[in-house]
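Q: Starting off with a structure, shown below.
The values are calculated or read from the model by the stated rules, or taken from the named source; none is laboratory data. What you see is a predicted model; the values in this text were computed from it and never measured. Note: ideal-geometry Cβ built from the backbone for every residue, glycine included; neighbour counts use all protein chains shown. Ligands, DNA and RNA are stripped out before the accessible areas are found, and what is left, the full protein with its side chains, is counted by its heavy atoms. Shrake-Rupley method; radii C 1.70, N 1.55, O 1.52, S 1.80 Å.
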Amino acid sequence: MTRRSDSDNDGETSSPSPSWRPKKCKGEKHVSFPPDEEIVSGFAERKDTINVDSLTLAEVIEAYKRSCDKHKVEPKPKILEQLEVTSLNGRAPCLDLKGERLDHLSCEALEVILKSLSFDFINLQAAELEENGASSLLDMILYYESTPHLDISDNTGMGISGWKALSHLIKQSVCLLRLDVCNVALLQYPAQVLSRALLSSRLTVLHLQSTCLSGRPLFTLVAALKSNRALRELYLSNNNLNSEQDSMQLGDLLRYNSSITTLDLSNNTIANSGLEEICEGLRVQTDGLKVLILWNNQITNNGLVHLAKVLPVLKTLETLNLGENNLQNRGIHTLRESLMMNHSLLQLGLEHTHITCEGAVALAEFLAESRQIQRLDVRENEVRAGGLMALSLALRINHSLISLDLDHTPKQEQEDFLMETQKSLLREISELCTGNAARHRIATETELP
């Protein structure tokens, strides 16, 4: 059985753009699968070359050196170093090839390792994979079910054959659960094949940071994910996602997909109108998103009005990170009552949101009422003695908060004694959180069978 030919276009109805057409190389080689249980990479090897079941680690290393000699490439010192401390019992922790240049023949030489060992994580980040090498290596990883976690970030030259091989890996692997494809422009063909593969994949975690998703690529991705019920975590930071069409797509995703539990939208431009779209999508979820990260998205107090409307009805949201947005004290006042009415939130991130003691007092009022909040982050805000006093008093009532993240260095005050007051309050807050953590630990141990 031979590997699919390049004429197999995954059911596409339109041809890819010229920039993604495969290069026709003389003597181009691909992984092929003969009828027996051996994979052959490049030119066919004899079946009796390696008996995988009886290999020792030293024999794997020697086989890799012979394979390198056969393919006329130098063994990678980084690979040899890792193999020397690898165990043959179960999966090895990692095959780290980050930053190693892997041309086609270097990829072919890796087959003896992949047929002998499996890994918890294979890191191919910035390996300079080119089309033929990427295609062969990804086919090997699929055939041998080599890893549940693969990182192919920072590889911009994989071409059509490489992306097609990745698509087949995503669709067919029963082992691969997490995929990182970051710092690669997912335009046109890559976006199409990746999205099509997600229609039937087993992936549970997908990292697509810095992949130029804004516009058509996000539309294509969301169309596939609306019907995907396997994916649990989706990371889309640094993609220039905007407050208009992109946010509408994200709202649609949340309307139709309640399987995704983590959505990271950090460092985009969702803004207030985009947050409204996302909240409308959240409103229809009865079971779904647990973690929403909106760090640095140009959100202000005006946008929090939409969040305040939906927070009381959310049943599953446990972590909300609004850090690095200009919320100010007004934003905290806007959220205060809704936070009190919500009974699922465990972690709230408000780092560098331009709040002062007034905002801290509003948060203290929320803490005094909450019975489930466990972590609150208010670092890099101008919270001085007055705000710390309010938080400390609230913690004497609140027994759920086990971590209140504050700046360790006291803020400047007009009077010296207030600086000492800050230090005393910071110690008291830390002690109160430690006490809550101890009670929480005892309660958890008591509940265990």
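Q: Restricting region 411-449 to residues that are of a type in the set (A, V, I, L, M) and either in contact (Cβ under 8 Å) with a residue 40 or more places away in the chain or not in a helix (DSSP H, G or I) (or both), which is most open to solvent (accessible area, probe 1.4 Å)?
A: Among them, the one singled out is L448.
Q: Report yes if P75 is free of Cβ contacts under 8 Å to residues at least 60 places away in the same chain, of a type outside the set (G, A, S), surrounded by fewer than 19 Cβ atoms within 10 Å (Cβ to Cβ) and part of a strand (DSSP E or B), otherwise no. Steps first, answer last, please.
A: On the way: free of Cβ contacts under 8 Å to residues at least 60 places away in the same chain: yes; of a type outside the set (G, A, S): yes; surrounded by fewer than 19 Cβ atoms within 10 Å (Cβ to Cβ): yes; part of a strand (DSSP E or B): no.
Considered against the rule, which asks whether it is free of Cβ contacts under 8 Å to residues at least 60 places away in the same chain, of a type outside the set (G, A, S), surrounded by fewer than 19 Cβ atoms within 10 Å (Cβ to Cβ) and part of a strand (DSSP E or B), P75 comes out as no.
Q: Another question about this same structure. Given the residues S227, S210, S214, which is the only one that is farther than 20 Å from L138 by Cβ and under 15 Å from the mean Cα position of the chain (by Cα)? Spell out the reasoning first.
A: On the way: S227 fails: under 15 Å from the mean Cα position of the chain (by Cα); S214 fails: under 15 Å from the mean Cα position of the chain (by Cα).
From the options S227, S210, S214, the qualifying one is S210.
Q: If L213 satisfies every condition in (1) open to solvent by less than 10 Å² (accessible area, probe 1.4 Å); (2) in contact with a strand residue (DSSP E or B) (Cβ under 9 Å, 6 or more places away or on another chain) but one, which is the exception?
A: Looking at each condition in turn, L213 falls short on (2).
Q: OK, next. Which numbered condition in (1) closer than 29 Å to L231 by Cβ; (2) open to solvent by less than 10 Å² (accessible area, probe 1.4 Å); (3) part of a helix (DSSP H, G or I) is the only one that I113 fails?
A: (1)
Q: Follow-up question, since we're still on this one. Restricted to region 116-142, and to residues that are within 18 Å of the chain's Cα centre (by Cα) and of a type in the set (S, T, N, Q), which residue is least open to solvent (accessible area, probe 1.4 Å)? Spell out how you get there, then give the answer.
A: Our first condition is that a residue be within 18 Å of the chain's Cα centre (by Cα); within region 116-142, this holds for 120-126.
Imposing the further condition that a residue be of a type in the set (S, T, N, Q) reduces the set to 123, 125.
Working: N123: 14, Q125: 40 Å².
Per the stated criteria, the residue is N123.
Q: Please indicate, with yes or no, whether at least one residue in region 304-311 is in contact (Cβ under 8 Å) with a residue 40 or more places away in the chain and surrounded by 20 or more Cβ atoms within 10 Å (Cβ to Cβ).
A: Restricting attention to region 304-311, the residues satisfying the condition of being in contact (Cβ under 8 Å) with a residue 40 or more places away in the chain are none.
No: region 304-311 contains no residue that is in contact (Cβ under 8 Å) with a residue 40 or more places away in the chain and surrounded by 20 or more Cβ atoms within 10 Å (Cβ to Cβ).
Q: Going residue by residue through region 378-389, is there one that turns out to be in a loop (DSSP other than H, G, I, E, B), within 23 Å of S344 (Cα to Cα) and hydrophobic (A, V, I, L, M, F, W, C)?
A: Among the residues of region 378-389, at least one is in a loop (DSSP other than H, G, I, E, B), within 23 Å of S344 (Cα to Cα) and hydrophobic (A, V, I, L, M, F, W, C), which makes the answer yes.
Q: Ok, one more. C182 fails exactly one of the following numbered conditions: (1) open to solvent by 40 Å² or more (accessible area, probe 1.4 Å); (2) out of contact with any helix residue (DSSP H, G or I) (no Cβ under 7 Å at 6 or more places or on another chain); (3) among the hydrophobic types (A, V, I, L, M, F, W, C). What is the number of that condition?
A: (1)
Q: Another question about this same structure. Somewhere in region 64-73, is a residue among the acidic types (D, E) and at pLDDT below 95? So that I can check it myself, show each step before the final result.
A: Taking region 64-73 first, the residues among the acidic types (D, E) are 69.
Then drop every residue that is not at pLDDT below 95, which leaves none.
Checking region 64-73: not a single residue is among the acidic types (D, E) and at pLDDT below 95.
Q: Name the one entry in K164, K171 that is in a helix (DSSP H, G or I), at pLDDT 95 or above and surrounded by fewer than 20 Cβ atoms within 10 Å (Cβ to Cβ).
A: None of the others qualify; the one that does is K171.
Q: Let me ask you something else. Six or more apart or on different chains, Cβ under 8 Å: which pairs go from a residue in region 266-281 that's open to solvent by less than 10 Å² (accessible area, probe 1.4 Å) to one that's hydroxyl-bearing (S, T, Y) and not in a loop (DSSP other than H, G, I, E, B)? Could you list them?
A: Going by the 8 Å Cβ cut-off, the qualifying pairs are I270/S247; G274/S247; L275/S247; I278/S247.
Q: Now for a separate question. Could we say that S400 is touching a residue at least 24 places away in the same chain (Cβ under 8 Å) and crowded, with 18+ Cβ neighbours inside 10 Å here? If you could, list the steps in order and put the result at the bottom.
A: Numbers: touching a residue at least 24 places away in the same chain (Cβ under 8 Å): yes; crowded, with 18+ Cβ neighbours inside 10 Å: no.
No.
Q: Something else about it: Would it be correct to say that E145 is in a loop (DSSP other than H, G, I, E, B) and open to solvent by 30 Å² or more (accessible area, probe 1.4 Å)?
A: Working: in a loop (DSSP other than H, G, I, E, B): yes; open to solvent by 30 Å² or more (accessible area, probe 1.4 Å): yes.
Yes.
Q: Under 6 Å between Cβ atoms, which residue pairs at least 6 apart in sequence (or on different chains) link something in region 214-237 that is farther than 16 Å from Q285 by Cβ with a partner that is surrounded by fewer than 16 Cβ atoms within 10 Å (Cβ to Cβ)?
A: Close Cβ pairs satisfying both conditions: S214/N240; A224/L199; A230/R202.
Q: Kindly provide the set of residues from region 318-348 that are open to solvent by 10 Å² or more (accessible area, probe 1.4 Å) and not in a helix (DSSP H, G or I), ordered by number.
A: E318, T319, N321, E324, N326, H343, S344, L346, Q347
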